[in-house]
Structure formats: C-alpha cells, structure tokens
C-alpha cells in the first residue's frame, strides 16, 4: 500500500511518535508533507531541496505515495498531513485530478494541495483551478528549491491558520456540549467523572488523572473519581497520593490559571460556599494558545456548574437531613426506597424501628438529651448494618434499608442489647421492629413507606417490643385491615352496613328486662365482621366518635318507634378508650345527646377498667363531665386489669359489671369462696350496683342469687338481637 521513504527528514521526526501521529499531549515537532508521484527522480529532487529545511519553527517530514490508492491510504494513516504535492499524470492521465476530487469529498478541507505537472499545457491551469479545489498549480520544472520552499511556506501557513480556526470552532462546540452535560449532572461523583472526560477530550489527552473534592466544613480532600494509574485511589484522601502530586495541588491553590508542571495539568475550582474541586491530568507543557484559551472558557463553565452543584448538594443536605438531630430524615428514606426500587432491589429488606416510650424520654430528660440518644442509636444501627440506608422517619422511629442477610432480628436486637451512656446517664431503650421484604412493597416510594409504617403499627399493636418479620400471612392481615378501615369509613359516611343490636339486662329473680346494652355489628361484603376486629380498627383510624353517634341515632329511632314499654328502659352505650383519652369528647357527646333529645334516664355509659391507663387524669375528667350531667357510669370487665381498684377510685362509677371470666366457674356450693363473692361484697360496701355478665347456665344464675347479685345478662336470658327486633323477641318478660 503506502511506501514511507526512510530519509533524514523522517528520522528527524521520530520524536513525534512511533507512527508519526501528533501526540495529543503536545504540539507536533514537524510538518508532515505528502508527495504523490510515480517518478522516483521527483522524490530525490524533493528530498534534496527540503533537506534541513525549517518552516515556521518546525522541521519537515515527507511521506511518499506512488498512486492514488497509496495516497488515500497514507491520508488515513496520517491524519495531520499539512500539504500534498500531487502529480497530475500517474496511472491514468487524470489520476491526480481524480485524487484531488476524492480528498475534498472525504473531508480533507484543511489539507493544502499543490498540483504539479511535467507536461505544461496538458491540464490547462485556469480550467483546473476553476473546477478543482487546489491551492497552487505548478510545473515540475519551475519548482526550484527557492520556489518550492516559498510555495510550501505559504501552503503551511494557510494550513496552520485553517487548522487553528477549525480546532477553535470544534473546541468551542465541545465546550458548549460538554458544559451542557456537566450542568445536567446531579451529584459530585458523576460531575467529577464528567470533568475528567470533558477536559481530557478538550485537551486531547486520555491518560491518567483524578478529581478530588474538599467539603465546605472540612479540610479533608477525597478522590471522588479517577482513571488510569489513579483509578485504585477512588474514595481515599489525597494523603494517599505521591508527595510530588500533593505539592502540585498546593501550588495550584496559589494561582488562578491552569497549572502545567512536571507532566501534569492541575485545575482548581472553589465555590462561594467554600467547597473545592481539583482536577489533575497527565499533560505536557507547550500547549498552543488556542488550546489554552478554550481551556479557560471551559474552566469558567466548570466553575459555574460546580457552584450550582455545590448549592444543589447543600439544598439536598438540608432537604434530606433532620435539622435538629442532624441525621438523614424521612425524605432521605423515600429517596433510598426510590433508588432501590428502580434498581430492582433484589435481596433487600426494609425495617421500621420505633423506640418504646420515647415521648417519656423527652419529658424526663429533655429534648436535647433525647436527640443525643437518637444520634447514638443511629450510629449503632449504622455500624451493625454496614452498607445500609439508615434514616430518622419520625420522632423516635428509624427506617432501614439493607441486604436481607444483614437485616435480621438478631442484629436489630443487638442494637438495644447494651446500654447507651450519655453524660453518665445510662439509657436502656426498648423497641418494636417490623421487617418487610422490599419486593413485597409497592413500587411507589410514598406508598412503600406508608405500607412499611402500617406494618410497624400492626406489630406495635399485636407484638410490642419484638422484632417481627412481616411475611405473606401478616401482609394479608394488614391488607385486610386496610381494606376494612376504608370500608368502615365509607359505611359510617353512608350509614349502611352498620347495625345496633341490644342484649337484655334482667332481674335475676324474675327475669324482667330492666335495661339493655347496645352493641355494634357490621356486615361487610356478606360477612359479619367481629367487633373484636373492627372496633380496634375504628379506634386506630379515629372513627369511634362517628360510631358512637350512629349508635345514639339508632337508639333514638328505636325509642320513637315505641312498643311494649321498652322505650322506658335505659340503654348502656360503650365508650371507646381512644375517645375518652382525647380532650373535648364529653362535651361533644353531651351536645349530640341534647340534639337527639335523649335524657339521663334514657342512656348510661359503659367504660372498661383499662380506659384510663393511657391518660388517667384526662379520662377521669371526661367521665366526670358526663357523670356531672346526670348520666350513670358503668365499669365493664371489672377485675381483668392490673389496677382495678385504683381505676375504680379515680372514676365516678355507679355500676360494676363482673366479667364473665368470674362467672364461668360459679357453682352454688362453692360460690362463697369465689372472686365474684368478693366483688359483690365490695359493691355492697361502696353502695354501687352490680351486673354479672356471661350468665349461660341456671346454676350460675342460682349461685349469683345466693351471693346477693340482683342483675345479670347472658345467653341464658337472650342473645344480642337487632334493635328493631328487640321488642318482639323479648316482650316484657324473659323465661327463666
């Protein structure tokens, strides 16, 4: 194909590289000249004429081709040929002219072409210059050494100017394109990779280099991206660099211009917030002015992009960090969920960890100490979990995303296995934890967080202070609970599907119905949902007030329907523990009762003995408000709590209801030695009424009568019955 003549000219150009191509890291020391001619004598004459010639400060390198094919191959191999001397007549009479046409069609616009002919007049000069894009047309005889050098000097000067303009245009376009790409980058690691790639492309060097970043609040400089020999240093501080490289970075701090020294280029950028970015690449000195001008323009754009990125990262820090505790917040958790879901999240788990009694910690030790405890817990979780996302979801609640093999109950338990010592105060917090497979959560991060939180609430209610992996069965329970909650709210809004049942309370001696207890029933999708299931859902969702209102409305409708004198008996209405621990509930209830036209003789209220355990003072205040308005208060399930007598002393109780667990085992012969006997003795001494619950057998009734109990309810006297069927079912008497 091509033939390269080994002459002194080519040997002098050896420093340009093994293949003679210009080294992107420095200005080429020679001008490359292509001579296309099939006459060996022409080469000898050209070589002799150009020997030891220097043009514009550079020596010359001659590349020789004998045909159009070899010339095209040489142009492909050597991309920086400045001038081509082409013979018009070679393998065909017009081979030179055809080569000129192809070179221009192939895009060699900067190449300067001098057409030579040994036959004056064969190709008319005016016609050739008119139809072909050439720069000069000479006969071989007139190209004396002086004229040859003169023509070559003019051609090289034109080539150099065109190349400078072209590279400036390309460089400016690269600055625009690369700056656009840099402005799109959203984190420091990606941005720094872009800086390396774009500066390397702009300066035509793709060897070794790195970028290090120094934060606004620290002097530690960390290598965030690197290539070539520096690639293994990513993530390390610059202390890991050789001393000479560190000295270059220090020197760059003392000047505003790019620093070229010891085979490296150093660029330094500082944001207004104080963050610093330093780029170091291998590069030789001796750059052309055009290159340096483009680099300065590009550095300006890098500075602007870095400033914007520093501001963005600061805003992200504020957006994703709890401003008081100083650790990642719920937004950071959602962002972590989004990243994991987008990358499939295979093998990952999500944990929600809530500290038990954290509000009490704040009340006892103050917010500052409580926040320090949160930071300590955060640090221990992070240390134990390793490569995990750990965030503060809410007050005393953490969210964790970690690999399945890491996020296991044992590690969570170890988080709280040893005390936390803060200012010589020992904290031993307990926690409830729900662990969910990431693959079981919705793809939307907000919905995923909501479902994970729902799992935590479910575990906290069902298995407090435990670490629970929420598998498919528990997921189904939660899904059912969510569905029931939505349906219950709709049922209360539309007042459909919810019914009130009444169970009679009778005199044990005669069986006469003297009162009734109102019980809520809910039919959903053809299924009768147990009160044990839907009442806790209503309490958790804040729906119990609406449920109480519906019960009162149906009692009023039943009373207005009249019949058999039952409109005169009082109806007991159960009050929710959740409602009684909220301020203003009693006032709302009294207003509702007044609007419905009910009086103290029409209804009374039942509360469980555990009603006051969350906030005894608040519950007592609400119950006292109802009692002061003339409404009797019954304590249901008496004897089943851990502090029955204390609760009894705090609340204005008129009636005690003996729990069915004390009635189940009653027999006449042993009745005096039962707990029921003790409760009845106490009620007599305190002057309050007593109702025995869960009476199912005649022997139980007789035992209670033997002990002096006057009133009771249970299946022996009647099951709960729809309120509109109560009158027809029970009449005025109950058969004993």
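Readers should treat all values here as calculations from the given coordinates under stated rules, not as data from a laboratory. Quick caveat, the model's predicted, so the values are computed rather than measured. With ideal geometry, Cβ positions are generated from the backbone for all residues, glycine too; neighbour counts draw on all protein chains shown.
Neighbour counts of other Cβ atoms within 10 Å put 150, 256 in the fewest-to-most order 256, 150.
Computed FRET efficiency, Cβ-Cβ of residue 665 and residue 686, R0 25 Å: what is it to the nearest 0.05? Let's see the in-between values first.
On the way: r = 25 Å, r/R0 = 0.98.
Efficiency for this residue pair is about 0.50.
With the cut-off at 23 Å, report for the stretch 495-730 the share of all Cα pairs above it, as a whole percent. List each step's numbers first, then the result.
Working: 13752 of 27730 pairs.
Result for the distance tail: 50 percent.
When 140, 657, 102 are sorted by how many other C-beta atoms sit within 10 angstrom of their C-beta, beginning with the fewest, the order is 102, 140, 657.
Dividing the mean sequence gap of close Cα pairs (under 8 Å, 6+ apart) by how many residues the stretch 435-581 holds gives a relative contact order of 18 percent.
Using the alpha-carbon positions of the stretch 330-470, Rg (one decimal) and Dmax (whole number) come out as 14.6, 45 Å. Applying 1/(1 + (r/R0)^6) with r as the Cβ-Cβ distance of residue 344 and residue 76 and R0 = 45 angstrom yields a FRET efficiency of 0.50. A Förster distance of 51 Å, applied to the separation of the beta-carbon atoms of residue 715 and residue 423, puts the FRET efficiency at 0.25. Here the residues 576, 360, 382, ranked from fewest to most Cβ neighbours within 10 Å of their Cβ, fall in the order 360, 382, 576.
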